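These notes concern the structure reproduced below.
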Amino acid sequence: MIDIDQYAYSNNLRSIHPIEKALFALLTMLTCLVANSIITSLVIILLMAGVVIFRAKIPATSFAKMILIPISFLLMSTITIAITISKDSSGFLYYISLWDWQIGIKFKNILIAINLFLKSLGTVSCLYFLALTTPMIEIISVLKKLKVPKIFIELMILIYRFIFVLLDTANLIRVSQMSRLGYSSFKNAFLSLSELVSNLFIRAYYRAKGLLTTLLARGYEGEIRVLEPDYEFSRKNLVLIILTEIGLIFITVYTGGDLFV
Amino acid sequence: MRKENAFSIGIYFILGILFFSPKAYAMHIAEGFLPFKWAGIWWVLILPFLALGIKYIKNVIEEQGHGVKMLLALAGAFVFVLSSLKLPSITGSCSHPTGIGLGAILFGPWPMVVLGCIVLIFQAILLAHGGLTTLGANTFSMAIVGAFVAYGVYKLSKKLGAPLWLAVFLAAALGDLITYLTTAVQLSLAFPAESGGIMVSLTKFMGVFATTQIPLAITEGLVTVLVFNVLQEY
Amino acid sequence: MSDSILEAQDLIFKYPDGTKALNGLSISIEKGKKVAVLGANGAGKSTLFLHFNGILQPNEGQILFDGEVINYKKKMLKELRKNVGIVFQDPDMQLFSSSVFQEISFGPLNLGLSEEKVKERVHDAMEVTGILDLKEKPTHLLSYGQKKRISIADILAMKPQVIIFDEPTVWLDPKHSIEIIDFFNEINKQGITVVLSTHNVDLAYSWADYVYVFAEGKILGTGEPEEIFKDKELLMSANLTQPWIVEIYEELIDKQVIDPNLSIPRAKEELLALI
Amino acid sequence: MSDSILEAQDLIFKYPDGTKALNGLSISIEKGKKVAVLGANGAGKSTLFLHFNGILQPNEGQILFDGEVINYKKKMLKELRKNVGIVFQDPDMQLFSSSVFQEISFGPLNLGLSEEKVKERVHDAMEVTGILDLKEKPTHLLSYGQKKRISIADILAMKPQVIIFDEPTVWLDPKHSIEIIDFFNEINKQGITVVLSTHNVDLAYSWADYVYVFAEGKILGTGEPEEIFKDKELLMSANLTQPWIVEIYEELIDKQVIDPNLSIPRAKEELLALI
């Protein structure tokens, strides 16, 4: 139902310890953010794309499609940042005047925008590495090991499960509405949608009640305790992660990136 | 000649926004977009709210029994699913309601802080909307500001004698709008314009978001009213 | 095949996750007939129905309604959905309004009929399905059987030429199952083509004019029930069993209790009469 | 009735909205038996099961487990829920976690077992239900039949003395229905009392040691299947029909094809052998 989720269960790096994968993704993400350098960002994008496509065996076309998801936000926001509004017309590469304001672009700001764009894409690819190789269930169990409050974990487990149940329900209702000519005009689409939403809410309400019953029947007394399957740490992977991060920092410093600015 | 030029650029700009907006998903700030410093600041800022939210939920569970937990979990899943539904909008494109307003009216703002944060984690990891480094900022704008504004507006307009539908509409629409406004503030704080600083930057971001988000906020308000009407019958 | 009302030609359909649900399937449903579509869970029955209604669009192949190829343009889709109604398995999934009246009026309103007309249609549909007394009740307080009838009235109110029933009897107890089957026969007499999906072989055997056997997104066999249900191998490969009437009949012939030249009985009563 | 494991005495239960679901119902389930509870939709079967598990508390009457009256104190409830497991109709309602392993570990953990023990139980339950290969898969990518098996493993892992299956076969096709019935027989052989609710008379007839017929919150009839299913009037008043084996058998006796002194056949094969 959700592509990223499906890959997380079927990729080639599935059996690696989730903490290793999370460590790799988050450390690289931080490095990318802190390095703030065009070259480091590019290296990270290539690294993550490589690992995802060649190690995790996610089809390159799917990965490319997914990378496009945040691009609209990035383009819109970076363009907004790149545009300078000023009363002083010096330094513009190109500008137009509106009354006594100059709206245009400056070389310096284009560089800033490109850096920002690539930096964001770099961290996004780290996020994708984590999301595409590590099932949500395992990410939750990592959070559990990090001592995130119990109630937060329990809610995450339940919400994750019920996202799919409700998505399924929403789909079925939508299909049933469409087969009775719902969503066929703007007004009708609006009404169909609000009927769907309210029905979904009522359904969710009854499900919550039913779920409590079924859990009680299995001896639930207020806390949802579950066990996780065991994973084994690989020393080799840990060393590899540390080496990669050191390498990235080295690249940043060597190419004159403004680390820790 | 110059005016014409400005006009055509304006048109292109708006067309560009309309073209991109269907995929712009509620304006969560994308992964890695905020500088390290700001990402950290927002992360730290939401922690006390999360702690209080969790405490609030624990209290409610103690008072009303374990069923509340299931109900909240379903509400969280509901918010997530809602945000993945296509919504008809005036421009013919599609976007979605956040559901936070509805939740805040029904359950109060504190549980929505926690649920909103969880939903944002899921959106980041499952859908790549928003991100982990920007989770703090997004939680602040959507789950904290959005939920409290919606709840406050709802209570206030009921106190002022507004009819229920109007109170619900205002709560959902304003909650939405102020979420976007907060996002614009967060972005302009992180990226002040070189001349004119934060205020100029804010004007730029608001200019971009307002065109897309005002119709969305209105749609969210309308849908919430319609949903609320049905729920009223139960 | 001039009198086929719905036709699928070489349909191939994959779900986005890669599951191949239909695998070069062809089927032709004759106007005015009672058709049973048999198959195990996950054989592709529901997927086919969603194609008949234009909800899903095939990767390859085409759907024809009344001899015309469906082109998936708005106007044609509207016409198709008007004429081919689906009553879904689970009425809980189909019903989305809180009031029975609103619920049934959804379809006719979408057809763009006048309010007067819509009221008339809703009233008629409720009358035929025997739920006039539920008009004022909220849907969520009704029993399963009542909801099932509302979900049928939903579709009847649109006056389609074909009605597809997806697993209509699973949750019903024997009495209500018999009632609903009688009802299918009634609307069929009024000229509506009735398509029914089921994995209940006994039901399909005694009810249908024509049977299609599905497995893994393909048609394994088609024909009149008498032929289809003789073929044990076919049934086995579709995870189905023989109807008990046929089994007993064959056994009785083997044991020479009844005359093998007599025609095979369709209903319980016919079998008992043979003995 | 010294060997009854579960007993209900004069239960009266009204839902908060006023619906009277149980109306002075008494029932006694013998240890180690295969029991079928038959009744139309809404007859009160599910409500009774929730009483057996201590989820619902009767307005009047009482529940006995292994001869002891349930007092609804925490300790006793825990004991009861440990020993009486319910596999609910809809697995989607029962499964709360997307991880199969987490899901099955929930019950045993609530029993206060050690992690080691729980892991062992989860493994055993998955082995018995044949889902070991699903360990790494999320529930939302599984089929209905697979989810059904997980919901059974959920309960098996708690090692209860009684397992109640609420309508286990409705959505399953013939092949999977047969599989699940075989499975019931297997766990029954291991000493677990199996209670099954259904409105499938053919299934109840050939499977059960003992049958209860429900209607409107009361027991209309109890007995061995051979007696119960002879009683056409009883079945009628519970909206049920006769199993076809019984019907054919009686007809064959009427027509003097078979000897009336032979014992009534329970399974298809027995009937065919008689002819």
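The value for chain A of Rg(Cα) / (2.2 N^0.38 Å) is 1.32. For the range D:101-120, backbone nitrogen atoms closer than 20 Å to the point 7 Å from D:GLU127 Cα along Cα-to-C-beta are found at D:101-109, D:113-120. When the alpha carbon gyration tensor of the range D:4-242 is reduced to an equivalent ellipsoid, its three semi-axes come out at 29, 22, 16 angstrom, largest first.
The fraction of all Cα pairs in the range B:156-234 landing in successive 5 Å bins from 0 to the largest distance is 3, 16, 18, 17, 13, 11, 9, 6, 4, 1, 0, 0, given as whole percents. Nm distances between the label at C:SER26 and the same-position labels in the remaining copies, 7 Å along Cα→Cβ, shortest first? For C:SER26, the inter-copy label distances come out at 6.7 nm. DSSP beta bridges confined to the protein assembly as shown are antiparallel in about 60 percent of cases. The overall shape of the range C:50-159, judged from the alpha-carbon gyration tensor, is prolate: a/c is not under 1.5, and a/b is greater than b/c. Shown here: the range A:168-208, whose C-alpha atoms stretch 34, 16, 11 Å along the first, second and third principal axes, sorted largest to smallest.
Both radii are taken from the alpha-carbon atoms of the range A:1-109; with Rh as the Kirkwood radius, Rg/Rh is 1.16.
For the protein assembly as shown, the alpha-carbon coordinates run over 112, 69, 62 Å along the three principal axes, in decreasing order. Loop-located chymotrypsin sites (Phe, Trp or Tyr not before Pro) in the range A:178-254 (DSSP state other than H, G, I, E, B) with a sparse environment of at most 15 neighbouring Cβ atoms within 10 Å: A:TYR231, A:PHE233.
The three principal axes of the Cα atoms in the range A:48-145 give end-to-end lengths of 57, 31, 18 Å, sorted in falling order. Put simply, the convex hull of the Cα atoms in the range A:86-217 casts, on average, a shadow of 16.0 nm². Taking the convex hull of the alpha carbon positions in the range A:190-261 and averaging its projected area over all directions gives 12.4 nm². Considering helices alone, the calculated mean residue ellipticity of the protein assembly as shown at 222 nm is -17000 deg cm²/dmol, with DSSP H runs of length four and up weighted by -39500 (n - 2.57) and normalised per residue. For the range A:44-115, chymotrypsin sites (Phe, Trp or Tyr not before Pro) meeting the loop criterion (DSSP other than H, G, I, E, B) and having at most 10 other Cβ atoms within 10 Å: A:TRP99. Using alpha carbon centroids, what distance separates the range C:238-270 and the range B:133-206, in Å? Taking the Cα centre of each part, the range C:238-270 and the range B:133-206 sit 73 Å apart. Legend: residues C:MET126, B:MET199, sorted from most to least accessible area (1.4 Å probe; ligands, DNA and RNA excluded), read B:MET199, C:MET126.
Every Cα-Cα pair of the range C:3-87 was included, and the share exceeding 20 Å stands at 30 percent. Charging the Cβ of each Asp and Glu at -1 and of each Lys and Arg at +1, and nothing else, the dipole of chain D about its Cα centre rounds to 1020 debye.
Taking only the alpha carbons of the range C:116-275, we obtain Rg and Dmax values of 18.8, 64 Å in that order. Using all pairs of distinct alpha-carbon atoms, the Kirkwood hydrodynamic radius of the range D:224-275 works out to 11.4 angstrom.
For C:ARG266, the solvent-accessible surface with a 1.4 Å probe is about 50 Å², rounded to the nearest 10. Taking 4 °C and 1.567 mPa s as conditions, the range A:149-218 diffuses translationally at an estimated 94 µm²/s according to Stokes-Einstein applied to its Kirkwood radius (Cα pairs). For the range B:172-181, the Karplus equation 6.51 cos²θ - 1.76 cosθ + 1.60, evaluated at θ = phi - 60°, returns couplings of 5, 5, 5, x, 4, 4, 6, 4, 5, 4 Hz by residue, with Gly and Pro reported as x. Here the protein assembly as shown is treated with +1 on each Lys and Arg Cβ and -1 on each Asp and Glu Cβ, and its dipole about the Cα centre works out to around 5160 debye. Here is the P(r) of the range C:127-186: all C-alpha pair distances, binned every 5 Å from 0, give 4, 15, 31, 26, 18, 6, 0 in whole percents.
Distances between copies at C:ILE253, taken between label points 7 Å from Cα along the C-beta direction, are 2.9 nm in increasing order.
Legend: residues A:ASP88, C:ASP209, sorted from most to least accessible area (1.4 Å probe; ligands, DNA and RNA excluded), read A:ASP88, C:ASP209. Over all residues in D:168-180, what is the mean tally of Cβ atoms on other chains that come within 10 Å of each residue's Cβ? That average works out to 4. One decimal, nm, shortest first: give the distances between the label point of D:LEU64 and those of the same position in the other copies, each label point 7 Å from Cα along Cα→Cβ. Sorted ascending, the copy-to-copy spacings read 7.1 nm. The order of D:VAL211, D:VAL257 by accessible area, most exposed first and with a 1.4 Å probe, is D:VAL257, D:VAL211.
The values are calculated or read from the model by the stated rules, or taken from the named source; none is laboratory data. Values in this document were obtained by computation on a predicted structure and should not be read as measured data. Counting neighbours? That spans all protein chains shown, and the Cβs are built from the backbone with ideal geometry, glycine included. Ligands, DNA and RNA are stripped out before the accessible areas are found, and what is left, the full protein with its side chains, is counted by its heavy atoms. Shrake-Rupley method; radii C 1.70, N 1.55, O 1.52, S 1.80 Å.
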